[in-house]
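The values are calculated or read from the model by the stated rules, or taken from the named source; none is laboratory data. These numbers come from a predicted model, not from an experiment. Reconstructed Cβ throughout: ideal geometry from the backbone, glycine too, with neighbour counts over all protein chains shown. SASA here: full protein model, heavy atoms, side chains in, ligands and nucleic acids out. Shrake-Rupley method; radii C 1.70, N 1.55, O 1.52, S 1.80 Å.
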Amino acid sequence: MHKINRNISATAIIAALYVAITLALAPISFGVVQLRLSEMFNHLAAFNKRYIFAVTLGVLIVNVFSPLGPIDMLFGTAGTLIGTTLTYFCTRKVTSLVGKFTIATICQLPGMLLVDLEMHLYSNLPMFPTYWILAAGEIASMVIGAFLIYLISTKVDLYK
Amino acid sequence: MNKILFGRYVPGTSFVHRMDPRAKLILSLIYIVAVFMANSWSAYVVSFIIALTIIASSGIAPKFFWDGVKPLIGVILLTVVIQVFFGVGGHVYWHWGILSITSDGLLNAVYIAIRFVLIILVSTVLTLSTSPLEISGAIESLFMPLKKIHFPVYEMALMLSIALRFVPTLIDETEKILNAQRSRGANFSSGSIMARLKKLVSILIPLFESAFNRAEELATAMESRGYQGGEGRSKYRVLNYTKNDIIGTIFMMASVALIMVLRNWS
């Protein structure tokens, strides 16, 4: 089988899965703690290069339909692309899962600067206090995401 | 459940509906940038009139626009409250510790709330008047110049179309798995955080497995139909700029020019 066909189909289906999980499982929350389940997908870039494009595409689709449309498409998608690309390149030589998850979590922080910039432009909120709040939320979501991806990786081969 | 994503598109034959999706996407971005540049009451009034004109020419009922604004009311109010109590400059009406209400803070709060609403309204026109496939086609076309730096534009467009096609299927599948687990007694809204996460895994593992199986089947189907990459493939839906796009562009350029004049004038 052509590798290109397998890559295209797998990337597209994972992007669709990102959108489906974002929309269908959105109501699942823990009281005041809203778990952004779809953030766990950012960890996938530590397993296979293909997920960089898959997750970025998923975010693009979700953002096309967000109420802030074109601006979310630019900032949100670029933030995810930066986060997942950094994750892939920084975890290529790391073999332990704990190491991969920790690096993936840290790698999302530069991308959050774009989300912070978007909020600054929209709401005139101060860049740095807002960034730390956003970063804390992202780290919490990524830690929970790491736990979920770990459990999934025990049953599903995420490298393939 | 599919309505969440795809129910937003309202089919129609209005002026805006008949515009090229690329023109709609670019003109929406230009409008958003112009709204960010507005800095006076007169500029915001003009921006508001432009938004109302666009909405009127889309022929879409106002309740759909209310649905667009509704989810962000909390964010808008929070932003307004922050601006009102933390804004500085101008006449001080009230002061207590780090909190203060000033004339500049109040003005900023109102400007930001108007800006939010205007951007949401125009973004909503875009998604209500353009089908997901049209948006996907527009993104492909706008990315075309990146081919020169070997960006896989055709592949990206195909992936976007496949992903859009499979979103409803995977949402249905997620619901089926959720219901299957519930019928076995799973309760996703009780227990400790750890217990709930473990229950979630019982949904996620079958979902991932099924997604990978679908990807494998799809790759086989592409292979059997002789897919060899996108270069040279013809398209069923061909995008063409029409008279409506020229009129829309002239209207938007004139509007943006007016906003810029009012910005520099005030």
Query raised in the report: Any residue at all in the stretch A:122-139 that is in contact (Cβ under 8 Å) with a residue 60 or more places away in the chain and within 12 Å of the chain's Cα centre (by Cα)?
Result: yes
Requested in this report: Report the residue count in the stretch B:167-195 for those that are of a type in the set (Ser, Thr, Tyr) and closer than 21 Å to residue A:61 by Cβ.
Outcome: 2
**Report entry** Output for the stretch A:93-106, where each listed residue is part of a helix (DSSP H, G or I) and over 15 Å from residue A:132 (Cα atoms)
**Finding:** A:97, A:98, A:99, A:100, A:101, A:102, A:103, A:104
Query raised in the report: Which ones in the stretch A:89-130 are open to solvent by 60 Å² or more (accessible area, probe 1.4 Å) and charged (D, E, K, R)?
Result: A:92, A:93
Query - Answer residue from the stretch B:212-247, given it is within 8 Å of chain A (Cβ to nearest Cβ) and small (Gly, Ala, Ser) and is nearest to the chain's Cα centre (by Cα) among those - result: B:215
Query raised in the report: In the stretch B:90-106, how many residues are open to solvent by less than 30 Å² (accessible area, probe 1.4 Å) and not hydroxyl-bearing (Ser, Thr, Tyr)?
Result: 1
Query - Looking only at the stretch A:33-91, and only at residues there that are outside any helix (DSSP H, G or I) and among the polar types (S, T, N, Q), the one that is modelled with the lowest pLDDT - result: A:34
Report summary line: If we ask which residues in the stretch B:225-246 are open to solvent by 90 Å² or more (accessible area, probe 1.4 Å) and at pLDDT 90 or above, their number turns out to be 3
Query raised in the report: Which of the residues belonging to the stretch B:148-171 are facing chain A (nearest Cβ under 9 Å), of a type in the set (D, E, K, R) and open to solvent by 40 Å² or more (accessible area, probe 1.4 Å)?
Result: B:165
Query - Those helices (runs of 4 or more DSSP H) lying entirely in the stretch B:1-84 with at least 2 residues more than 9 Å from every other protein chain (Cβ to nearest Cβ) and in contact (Cβ under 8 Å) with a residue 12 or more places away in the chain - result: B:21-37, B:41-58, B:62-69
Query raised in the report: Scanning for something in a helix (DSSP H, G or I), within 13 Å of chain A (Cβ to nearest Cβ) and out of contact with any Phe, Trp or Tyr (no Cβ under 8 Å at 6 or more places or on another chain), does the stretch B:91-105 turn up at least one residue?
Result: yes
Query - Test result for residue A:116, touching a Phe, Trp or Tyr at 6+ places or on another chain (Cβ under 9 Å) and part of a loop (DSSP other than H, G, I, E, B) - result: no
Requested in this report: Could you figure out which of (1) in a helix (DSSP H, G or I); (2) at the interface with chain B (Cβ under 10 Å from one of its Cβ atoms); (3) surrounded by fewer than 18 Cβ atoms within 10 Å (Cβ to Cβ); (4) over 18 Å from the mean Cα position of the chain (by Cα) isn't true of residue A:157?
Outcome: (1)
Query raised in the report: Applying the selection to the stretch B:186-211, what residues are within 7 Å of another protein chain (Cβ to nearest Cβ) and among the hydrophobic types (A, V, I, L, M, F, W, C)?
Result: B:188, B:193, B:197, B:200, B:201, B:204, B:205, B:207, B:208, B:211
Query raised in the report: Across the stretch B:170-196, what is the number of residues that are outside any loop (DSSP other than H, G, I, E, B) and either on the phi > 0 side of the Ramachandran plot or without any contact (Cβ under 8 Å) to a residue 12 or more places away in the chain (or both)?
Result: 9
